[in-house]
1. Show the residue pairs meeting these rules: Cβ distance below 7 Å; 6+ apart or different chains; first residue within the range 171-185 and open to solvent by 40 Å² or more (accessible area, probe 1.4 Å); second residue among the acidic types (Asp, Glu).
2. Just give me the residues in the range 385-402 being open to solvent by less than 50 Å² (accessible area, probe 1.4 Å) and either within 14 Å of Gly456 (Cα to Cα) or in contact with a Lys or Arg (Cβ under 6 Å, 6 or more places away or on another chain) (or both), in sequence order.
3. Being part of a loop (DSSP other than H, G, I, E, B), more than 42 Å from the chain's Cα centre (by Cα), buried (at least 22 other Cβ atoms within 10 Å of the Cβ) and touching a residue at least 40 places away in the same chain (Cβ under 8 Å): is that true of Gly379 here?
4. With the condition kept exactly as written, say whether any residue in the range 430-448 is over 50 Å from the mean Cα position of the chain (by Cα) and at pLDDT 75 or above.
5. Identify the residue in the range 26-60 that is of a type outside the set (A, V, I, L, M, F, W, C) and open to solvent by 80 Å² or more (accessible area, probe 1.4 Å) and, among all such residues, is nearest to the chain's Cα centre (by Cα).
6. Restricting attention to the range 110-140, which residues are within 19 Å of Glu175 (Cβ to Cβ), open to solvent by less than 50 Å² (accessible area, probe 1.4 Å) and either among the β-branched types (Val, Ile, Thr) or more than 60 Å from the chain's Cα centre (by Cα) (or both)?
7. Pairs only if they're at least six apart or on different chains, beta carbon under 6 angstrom, first in the range 250-278 and closer than 21 Å to Arg302 by Cβ, second in a helix (DSSP H, G or I) and open to solvent by 50 Å² or more (accessible area, probe 1.4 Å); list them, first residue then second.
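The values are calculated or read from the model by the stated rules, or taken from the named source; none is laboratory data. Note that the structure is predicted; figures quoted are calculated from it, not measured. Here the Cβ is made from the backbone with ideal geometry for all residues, glycine too, and neighbour counts use every protein chain on show. Accessible surface is based on the protein model in full, side chains and every heavy atom, while ligands, DNA and RNA are left aside. Shrake-Rupley method; radii C 1.70, N 1.55, O 1.52, S 1.80 Å.
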Amino acid sequence: MSAETSPASLQADLPRDTPRAPHTGSLARRMSLIAIAWITVLLLGGGIALDRTLSGLVVRNFDEQLGYMLTAMVASAEIGPDGEVFFNRPLGDQRFLEPNSGLYWQISGQGHEDFPSRSLWDRTLKLHNDHFDSQPHIYDSDQFEGERLRVIERSVILPGSNTLWQFSVAAGRGEIDSQISRIRSILVWSFVVLGLGLIGMASLQTYYGLSPLRRVRRAIQRMREGGAARVDEPLPLEVQPLVEELNGLLEHSERQAEEARTHAGNLAHALKTPLTVVMNAATAKADDLADTVIREAAVMRRQVDHHLARARAVGRRATGLSRALVWESAEAVERAVARLYPHVRIDKDGNKEAFVAIERQDLDEILGNLIENAAKYGGGSVFITVDANPLDPKYCDIWVEDDGMGIPEDARERIFDRGARLDTGKPGTGLGLAIVRDVAELYGGSVTLGESEDLGGLLTTLRLPRAAAAR
């Protein structure tokens, strides 16, 4: 395997001050070991099976030749006038006539002398005459020193004789043992070469297969060095989901950074006016300087608390497990706003079982801003509709309507800017709708403004992702 795939080379590309992440070993080494293990097991099993098959074929072929010779002996045997057996025609293989040639035959009968081949010379085959073999019986024998024999024997009663004759043919196993050894040698070398070739191919496949991961690593290195913002080169289908998730993570990080910059701008804008008031009062040495500092400090504290809550909303949004019941939140906000504006009538209707994917605290803050604005700038009537579009499977629409003057169409988008206020005669910071839109978008929702058909004033549509009623 190439050193490029080793964990040491991967870690060498990291900056010296980057902490080493824990790992579970080399993926390339793991894949190679698995491939080697499987190749070894399969080749070993296949080699053993093939060795037994070929060895069995050699032995069966050898036994068939001995069987042919035994059949020829039985067919040529007759009983002479003296009761002894003889052949009416000679056997064809000349090795039976050569002493110690390695091929022998012998006929034995109880009460008769053994009738051996000339190749036995002064030796005799020790046969099993105490049983009857109606079919050829084949076995190995070590009765000759230095020469293992393969013996086939059969019991026969010849016509004209009541004697049980034992016909046998024996041949040295040297020939078949030599053939089996050659076969095994060829198998071993063939399987070794095949195994090495397969291991080499598996290693090459592992190296080539993991090359997209090395390309991803180099792309991430270029991003770290500031040369790229995304991994945009074409990659295999198996790696593409990983790259898409990585690009999504980068986009999410950029979005969070932008949200942090927006959040800092909102906070700076919110603190700018109170600080200016305090600075002017201090420069002019106003008599009510202390009261001014206390009043503006309270305003700044509210702004800081508000933006800290929004920052916490970002952290809670990241968990992906937020869930709140809209009706309960609307009731809580209604009670709070009713105490601030007792002359305003607040009504609500809709789905009492609608859940949205947002933290309850953030939902209270959003609805609080919208309902308070409707009560503050409306004509005395506020109507809340929960789940105005119940057929939408993804989003839950919450309508907040009032009977006020409304907002001109050309100013509805501008009102969401930080610090934008159309009615400067009433107290406020101009951050309400901007914060509402920011927090809603944090959870994948939106806020739009329109005209109420029923009350004639402003219609604010809060759209938030639905959440399951039960987990």
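1. Arg184/Asp51
2. Here is the first cut: in the range 385-402, the residues open to solvent by less than 50 Å² (accessible area, probe 1.4 Å) are 385-388, 392, 396-398, 400-402.
The answer is Cys396, Asp397, Val400, Glu401, Asp402.
3. Details: part of a loop (DSSP other than H, G, I, E, B): yes; more than 42 Å from the chain's Cα centre (by Cα): yes; buried (at least 22 other Cβ atoms within 10 Å of the Cβ): no; touching a residue at least 40 places away in the same chain (Cβ under 8 Å): yes.
Spelling it out, it is not the case that Gly379 is part of a loop (DSSP other than H, G, I, E, B), more than 42 Å from the chain's Cα centre (by Cα), buried (at least 22 other Cβ atoms within 10 Å of the Cβ) and touching a residue at least 40 places away in the same chain (Cβ under 8 Å).
4. There is no residue in the range 430-448 that is over 50 Å from the mean Cα position of the chain (by Cα) and at pLDDT 75 or above.
5. So in the range 26-60, the residues of a type outside the set (A, V, I, L, M, F, W, C) come out as 26, 29-30, 32, 40, 45-47, 51-53, 55-56, 60.
Then keep just the ones that are open to solvent by 80 Å² or more (accessible area, probe 1.4 Å); that gives 29-30, 52, 60.
Numbers: Arg29: 18, Arg30: 15, Arg52: 41, Arg60: 51 Å.
Looking at the filtered set, the residue picked out is Arg30.
6. Listed by number, the residues that qualify are Ser117, Ser119, Leu120, Leu125.
7. Val278/Val293
Matching residues to (1) under 44 Å from the mean Cα position of the chain (by Cα); (2) within 24 Å of Ala434 (Cβ to Cβ); (3) at pLDDT 90 or above:
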site: Asn351; (1), (2), (3): yes, no, yes
site: Ala354; (1), (2), (3): yes, no, yes
site: Gln361; (1), (2), (3): yes, yes, no
site: Asn373; (1), (2), (3): no, yes, no
site: Thr385; (1), (2), (3): no, yes, yes
site: Asp392; (1), (2), (3): yes, no, no
site: Val400; (1), (2), (3): no, yes, yes
site: Glu409; (1), (2), (3): no, yes, no
site: Phe416; (1), (2), (3): no, yes, no
